[in-house]
Structure formats: C-alpha cells, structure tokens
Amino acid sequence: MTSSSVQAASNPTGPLAPARLLVVDDEPAVVEVFEEFLRLQGYQISTASSGEDAVRMIPNLLPDIILTDINLPGLSGLEVMRFAKTVDPEVGVIVVTGHASASNAIEALRQGAFNYIQKPFDLDEIHEVVERALANRRLKAVNRELVEDLRQKHEILQHHEQELRERVRVATWQMTALYDVGKEIMADLELVPRLKLVAARGADLSGAAAAVIYLKGADDGRFHAALAHGVDLAVRESVAPTPLNAQPPLVMPALEHGPVRSRRAPGAPAIELPAVPAGRFNDLMAVPMVSGGECVGALILLDKPGGFSDDDEGFMSLYAAQAANAVRNSQLYEHTKSLDRLKSEFVAVVSHEIRTPLTSVKGAVELLSDDHYFHNNEHQAKLLSIAHANTERLLVLINSILDFSKLEAVALAMNMERQRLEPLIQQAAYNLRTLLDERRIQLSVDLSAELPDLMLDPNRVAQVITNLLSNAIKFSPEGGRIEVTAEPWEGAVRVGVRDYGEGIAAQDMPKLFKRFSQIDSGSTRKVGGTGLGLVISKGIVEQHGGRIWVDSVPAQGSTFYFTLPIAEFVRS
C-alpha cells in the first residue's frame, strides 16, 4: 500500500491528510528511530515519553495509530490503550514489548490491541503492521458508514413498508366493502330498494351524514331527485320534479363525468340542494354515476365531519360507478317488466278472445259430427272432420303461445318432485300409439337399469318427451322406426329420441329452438306445426337445470337429446 493509499485509508473524510501516528516510549533512541522511519513513509508523527504525556495528547491529537511500549514509567502502555479506546474505540494500538514481557503483549491483545512487536524489531515489520492497522481502521470506518447507511435505508424501507401496508389495508378494505355492498345491491332488482341501499351505503362508506341521488330523466334528459338518505325530499305538488340542472356546481359531475367537492367558506351561506328544502349543508361531494359511458345519475354526499378528502373522492367514484351499473340494470328491468306486462295482457286478451269463440266452434262441429243428432253423408263427414282437426290445431297453438309467454316471463309453473323417468317415457309412448299405428312406425324403448331418481315436474317433462316423439313421428317415413333411450351420463340422465327420417341440413341447424321457426322444406310444410314445440321444450329442460341439443346427418335421421340432473345434484 502506498503512502497516498495509507492517507486515504487512515482518514476517509480527508483523503489528502496523512495518517496520524503517536509513538509512546521512554527510550529516546527508540522514539527517534520510530519518528525518522515512519515520517519517511508519509505519516504525521507525534511522540510522548510517558503514559501521562500520551493521555494528555490523545484527546486533541486523535491519532489513527498508537505505538506504545508496555512498560512505561507511571501509566503503563495498557492503561494508555484503555484511555485511548474511551476517546476513539477504533484507534489502532500496536504494543511494543521485550521477550520477557510477552505475556503482557498477549493480555494487550485480549484487551483490544491490534497487534504487538517484540524488541529488537525490524523496521519493515513495523511498517507492515502499521499498514495493516490502518487498513483495518479503514475497513472499520467503511463498515461503520455502510452500517449507518443501511440503518437509514432500513428506516426508509420500514417507513415505506408501513405506508404500503396501510395502502394495502385501505385498498383491501375498499375492495371488500365494494364487493360486499355489490352483493347487497344485486340481491334486489327493484329500482327503489336499490336506490335506498345505494344512498345508505354511500353515506356509511364515506362517513357522510346524508346522501341524495339524482337520476337522469328518460324524457327530458334532466337530473331529478330520486331518493335521499338522512334528509327528506320535498313533497312535490306538481308532477314535474325539481331539476338538478339549476345548480351549476352540482351538474359538473354529470357534464364532465368527474367528482366535485365544495365546502362552505366562513361567513358564506350554507349549501342548498334542489328538492331538499330543509337542508343547509357545510360540505358536499358529488360523484357521477356513469354506466356504459353515459351518466345515469349523481350521488351527492353531505356533511362529513372534517370534510371530504382525496381518498374519499377516489373511493366513492369507484362506488358510484359500481352503483351506476346496478341502477341502470334496475331501470332496464323496470322497463322490461312494463313491456312484459303489456305482452302478457295482450296474450291474455288474445287467448280469451280467440279461445272462447273457438271452443264454441269446436263444440258445434263435434255436435254436427254426432250421428245421434245429424246424419251426414260422406262428403259432409269429411268436411266436419277437417274442421274439427283444425280447431284442435288452433287450440294447441293458443296453448303453446301461452306456455311460451310464461316461459319468457319465468312464470311457467313447475311442481318439482322426486320421480322416476321410466313411467313418463312409457306413458308418452302409449299416448302416441295411435299416430304410430297409423304410420306403421315401430317404436323401441331402451331404458338403462341404472337410472337414478330425478327431481322434476312430471307433467312438464312428459310434455318435452311428447313433443320430441311427435316431431320424430312427423319426420319419419311410413314403416320407419324410432328409438328412445335413457341412461346415466356425466352426472345426469340423458334422454335421446332418434328417428331415421330425412335428417337436418347443416344450414338449417341454427333455426332449431327458435320461436315460430321451422325448417323450410317440403316435409315440414306437409306436417305443419306451430314452431314453438322445441322452444317450449328447451325452456322446460333449462328450468330443470338441464340442456337440450340435436345430432343429425342428412338422409340418416336425427337424434334429439336432453339431460336432467339427478336428485342428489339438484340445488335447493
């Protein structure tokens, strides 16, 4: 190590200053040799002839290295070392001893000396030991700086960790709160209960004393007070509600889709809201309720102790966006209910107005066909038979439309019970025996011996089986055959109805299970139909928790499958 490196090592704060060495010895010749040799090595040398002199010099000199004889008059070298360590714990102490006092040198090492040199000594050895002592001091200084730097960085990391933990805690609480509130809001599709919950939970989550929701009118596009929590809305004497648009600070959320905060200045009048006559507020935060890029309303939060913060603004913006989707869904639900009501009323009127005269016509035709009252020739009997068949067809159509309407409104009555499937299939096959015999169609029924109990509505499932069998009969050639199977399949029971008719072309497959839709072919036109049988069957199967589909190859026939969950897998 060069003298410059020694300087840098011995004094990290001042790399150009030479290392400071203190030589303590009561023999002038030894001191002279040390001083002359070490100064040539680039060190700054100070000397002391006694332990007392050394003790007086150390506090001001602050040496980097001390070379001291152990056996000194007065204070010993060990006492000098102990004092120096109280001033600078990292000072390097090299003790010089004779052969007779080697045990003292070992004791010095135990008490903190860096090394010892025996007399007579070699100057190169002394230089090497001093260099090592300075390097050790430098390493200690660097280590101390690194430890301090690590301590400071550790404190910074701890602070950041605490901040991050707090942010994670807050974010977790917010997400949990949003999730829990979302479940509460979604529990009821009705608009008014949802608005009540949105306003109440908004006030709770933000710490506000009150909340008011303004919704955008579908007719005029203006925002009107819809519901309040913690305050009362004005009782409207007129039909037209008080619009929010009259308050410029409050319409900003609706116009810019961003939150707005306002606080009453000292001496300024209290904040007032339209349609809230008794309210005088000090703090206000308005957040837009945006769904699908459109502002459907605004949530106004009022009077939080201490005022609303940036964190409140960010969190309640998320809450309002979540609530907006729920409110929008409720509005669509209310609109759909209105349309469903109109449709149901129309269907009820039509069914009544058509079924009543049709029943009279059917009764009259049946009476005319009765040989006990009227004697008809062959031509008359044929015409009456055609009339009777078409009245039956119209009644089936009316009943199918009513069933379809109830399915769309999820109002088709289902009386679920634990039941076996076998008797339903056998009864449906028996009821269609006349049609099968007329067309000379052979029906085979293959039911697995391992069929489990099912949870089903016997009448509705029998309706599905009858629909599928009727279609199979219609599309089977005379003298053909139909196969009905039932077997356990993927945790459910699968029923299959296969015919060997013309099959269904790939381009016609999408038309199946669609309302009033039939495959446009010659055979379809021959057999006719309402186009609702498969739609109703699909609805019934899905209400049971199953599914229905078809496999078909043109010219080889079709197989309609549907599944029903077994009783153990049905959810209560």
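Brief remarks on what is shown
- In sequence order, region 129-146 has phi-based couplings of 5, 4, 4, 5, 5, 5, 5, 5, 5, 4, 4, 5, 5, 5, 4, 4, 5, 5 Hz under the Karplus curve 6.51 cos²θ - 1.76 cosθ + 1.60, θ = phi - 60°, and Gly or Pro positions carry x.
- In sequence order, region 78-93 has phi-based couplings of 5, 5, 4, 4, 4, 5, 4, 5, 6, 7, 9, x, 9, 5, x, 10 Hz under the Karplus curve 6.51 cos²θ - 1.76 cosθ + 1.60, θ = phi - 60°, and Gly or Pro positions carry x.
- For Trp489, the amide hydrogen comes within under 5 Å of the amide hydrogens of Arg494, counting only partners 5 or more places away or on other chains and with H modelled in the peptide plane.
- When the residues Asp311, Asp188 are ordered by accessible surface, computed with a 1.4 Å probe over the protein chains alone, the sequence from largest down reads Asp311, Asp188.
- Listed by chain and number, the aspartates and glutamates whose alpha-carbon sits under 16 Å from that of Lys474, ignoring those within fewer than 8 places in the same chain, are Asp437, Glu438, Glu483, Asp499, Glu502, Asp520.
- Rounded Å value of the spacing that divides the Cα centres of region 254-306 and region 211-233: 12 Å
- Taking label points 7 Å from Cα along the Cα-to-Cβ direction, Leu123 and Ala364 give a separation of 14.6 nm.
- Look at where the Cα atoms of region 156-198 and of region 25-62 average out, and the two centres are 73 Å apart.
- Only one residue of Leu451, Gln463, Thr434 has its Cα farthest out toward the positive end of the dipole of region 418-494, where Lys and Arg carry +1 and Asp and Glu -1 on Cβ, and that residue is Thr434.
- Region 26-148: C-alpha gyration tensor shape, a/c 1.5 cut-off, then a/b vs b/c: rounded
- Here the 3J(HN,Hα) profile of region 196-201, calculated from phi with Karplus coefficients 6.51, -1.76 and 1.60 at θ = phi - 60°, is 4, 5, 4, 5, 5, 5 Hz, Gly and Pro shown as x.
- Cα-based reach from Lys511 at 16 Å (exclusive), listing lysines while leaving out same-chain residues under 8 positions away: Lys538
- Overall form of region 50-114 per C-alpha gyration tensor (a/c, 1.5; a/b vs b/c): oblate
- Asp453 versus Arg440: modelled label distance in nm, points set 7 Å from Cα along the beta carbon direction: 4.6 nm
- Extension gain for Glu90 to Val142 (0.36 nm times residue separation, less C-alpha to C-alpha distance): 17.5 nm.
- Within a straight-line Cα-Cα reach of under 24 Å, Lys153 can be paired with the following lysines, leaving aside sequence neighbours fewer than 8 residues apart in one chain: Lys140.
- Taking a sphere under 12 Å around the Cβ of Asn325 and counting the other residues whose Cβ falls inside, with K and R at +1 and D and E at -1, yields a net charge of +1.
The values are calculated or read from the model by the stated rules, or taken from the named source; none is laboratory data. Note that the coordinates shown come from a computational prediction; the quantities given were computed from them, not determined experimentally. Please note: Cβ atoms are built from the backbone with ideal geometry, for glycine as well, and neighbour counts cover all protein chains shown. We work out accessible area using only protein heavy atoms, side chains counted, and drop any ligands, DNA or RNA first. Shrake-Rupley method; radii C 1.70, N 1.55, O 1.52, S 1.80 Å.
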